[in-house]
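Taking it in order: structure first as structure tokens, then the write-up.
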Amino acid sequence: MSFADKAKKAMDQAKDKAAEMADQHGDKVGRAVDKAGDAVDRKTKGKYAGHVDKAQSAAKDATGKLAAGRREPGDPATPDHPMR
């Protein structure tokens, strides 16, 4: 097995594990993203609230899409029903 094949296999395994973790703990990730965004808003006195909200949404969407690869269409936290 070549180095490239081993690297691809390792990346596939890492992606599968990340998807599994996102599926199992997506709700915790969403709460952590909200908590972090709220802390940034407090520290910056809301100066960057729009940017923070956009980053929070992107992080939740990415987690939802990663987890969606392990779910059936229509289940919660899929692209049809993003995690919010």
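Taking 0.36 nm per residue of separation and subtracting the current Cα-Cα distance, fully stretching the chain between Gln13 and Met1 would add 2.7 nm.
So which of Lys17/Lys47; Lys17/Lys60; Lys9/Lys65 end up more than 25 Å apart by C-alpha?
Details: Lys17/Lys47 37 Å; Lys17/Lys60 18 Å; Lys9/Lys65 21 Å.
Violating the 25 Å Cα-Cα cut-off are Lys17/Lys47.
Over the stretch 1-63, the Kirkwood radius and the radius of gyration, each from Cα atoms, give a ratio Rg/Rh of 1.22.
Readers should treat all values here as calculations from the given coordinates under stated rules, not as data from a laboratory. Remember, predicted model here, so these are calculated numbers, not experimental data.
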